[in-house]
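Only the coordinates and a few stated rules stand behind these numbers; no lab work does. As the structure is a computational prediction, the values presented were derived from the model and not from experiment. Note that we place each Cβ from the backbone using ideal geometry, even for glycine, and neighbour counts take in every protein chain shown.
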Amino acid sequence: MNIPLALAIGGLLVTILALLALWQKKISQAQREEALADIYEARERGLDRPVAQHPQINTQSCIGCASCVDACPESGVLGMVDGIARVIQASRCIGHSLCEEACPVGAIQVGLGDSPLRADIPVLDERGETSVPGVFIAGELGGLALIRNATKQGVQVVDAVATDLAFERGKKPAGGPIDLLIVGAGPAGIAAALRATQRKLDYLVIDREDVGGTVRKYPRRKLTLTGPMEMPLYGRLPKTEFLKEELIELWEQIIEQYSLNIRTGVSFLGVEGERDAFRVQTSDGVIEARRVLLAIGRRGTPRKLGVPGEELEKVQYQLIDAATYSNEHVLIVGGGDSAIEAATALANQPGNVVTISYRRDQFFRLTARNRERLEQYTGKSIRLVFNSTLERVDNERSVILSIDGDPPKKARLENDFVFVFAGGEPPYPLLAEAGIRLGGDVAVPVLRETPRRSVPVTP
Ligand SMILES: Cc1cc2nc3c(=O)[nH]c(=O)nc-3n(C[C@H](O)[C@H](O)[C@H](O)COP(=O)(O)OP(=O)(O)OC[C@H]3O[C@@H](n4cnc5c(N)ncnc54)[C@H](O)[C@@H]3O)c2cc1C
């Protein structure tokens, strides 16, 4: 090749590289501005604050690869600012924890942060042990939602118990207390039973209802997202999304295949005694156990609103089968995922007119999928009434809403059914009677972000 041609090609290459670098810089700058605008907006709308579990980023270890941002299936939780991952809308995190798995350097953790200071969450150590030595908690009762988390925690607690008991195994008297009583046969309890079988513990699971926990109560054919998930003995689940009925069927098969020791229709009423010698009161008599795992979820009894007319039969607290409702005027009370899933399922049936009444001025913590579905129906078969509360269920054909504003208003709506999704009454009395401490005034160490660079990250 002659020299002038080589110089020309070299010059062209340098120019292309320079242009590429400039373009890249422009993109990063645009991304930065976009992320800052998102952070600012999230703060304005109060969405930056976590409601429960949320990602916590160690900015000193973050290498800025954005794997966590790409892995999160919920839009807007994470973003990149100045080459570092940032939490933008903490309230939108629903705890998939895929960011945690995707991070190649372990710089992100999904947890409750300082939420354990909340008075509605039991204080647990890293093994899931409560303030009563020997009594453990796994699953949603501990504050972390999702089937995958419940499963993981059920396994972790049994591992902790098995390790403890391994030291004392030789001393176990014949006919004495069982090693472990697991209360609740939801995802946490089933996983715990599998692990207890694997670790050769002498255990029993009791549940006041049937196996499957909250999942069994989902609406008919609800799509249930589990993500990639492993169960002890069984291994990896074949899919990451199931119809509710498929997941229950799979669990029932697993329970049979591994002959899990589960007694349904038995309620836990309380526990007394101490490590190695607990006496657990149940509706079926006293069970003696060395350790107790409470995997009873948080839904307990549905929370009531305490309004006149609530006792009418048309007021319900769960929707099992939307297909049985058509040409009805339905009021949904609540603004969480359960409320929106019920509303959109009902709005999808012919002739239904659905009103969602929510006490706040916007929805805070919906999955991206539910947001999208809601948008499809809003203004068509779904009407939203924010800043409103149900005042009374007046008679068989109407309800009255109070709507905040200046001046406040009242609205009478035609109505055939009311579905209340105000969450469950967590089993506080049971926990309190057992001496289990909840958060609130207890200092718990939390992972804090430490600034790595002097580059400003505040909008
Ligand atoms: C409508 C809805 C949709 C959801 N969708 C998803 C989803 O798609 N993907 C996902 O990962 N998560 C989803 N979740 C969350 C998920 O269902 C829960 O996080 C999970 O079921 C918690 O499991 P758990 O084992 O801790 O408790 P639970 O599933 O609540 O099980 C607790 C068990 O304890 C039993 N129990 C309670 N009290 C007692 C007592 N005193 N004595 C004896 N037994 C007792 C109950 O009968 C129950 O069987 C959804 C939740 C709802 C409400």
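Annotation note: trypsin sites (Lys or Arg not before Pro) in region 123-153 located in DSSP loop regions with a Cβ neighbour count of at most 15 within 10 Å are ARG127.
Unpaired cysteine residues in the chain (no second Cys Cβ under 4.7 Å): CYS62, CYS65, CYS72, CYS93, CYS103.
Annotation: Cα Rg of region 307-423 relative to the compact-globule expectation 2.2 N^0.38 Å equals 0.98.
Near LEU98, once Lys and Arg are set to +1 and Asp and Glu to -1 for all other residues with Cβ below 11 Å from its Cβ, the sum equals -3. With a threshold of 23 Å on the Cα-Cα distance, the over-threshold entries among LYS152/LYS244; LYS239/LYS380; LYS152/LYS217; LYS152/LYS200; LYS200/LYS244 are LYS239/LYS380; LYS200/LYS244. Of the DSSP H helices in the chain, those that are both long (alpha-carbon extent of 27 Å or more along the helix axis) and hydrophobic (Kyte-Doolittle mean at least 0.0) are 3-44, 147-166. Among PHE421, PHE363, sorting on how many other beta-carbon atoms sit within 10 Å of each Cβ, with the fewest leading, yields PHE363, PHE421.
Under 5 Å between amide hydrogens, built in the peptide plane, is the criterion, and for ARG392 it picks out ILE400 among residues at least 5 positions away or on other chains. Each part gets one Cα centre, and for region 277-291 versus region 242-264 those centres are 25 Å apart.
Remark on the chain: Rg and Dmax equal 26.0, 97 Å (Cα only). A crude spin-label estimate for the pair LEU225 and GLU375, with each label 7 Å from Cα along the Cβ direction, gives 1.5 nm. In this structure, the amide hydrogen of PHE136, modeled 1.01 Å from its nitrogen in the peptide plane, lies closer than 5 angstrom to those of THR130, VAL292, LEU293, LEU294, counting only residues at least 5 positions away or on a different chain.
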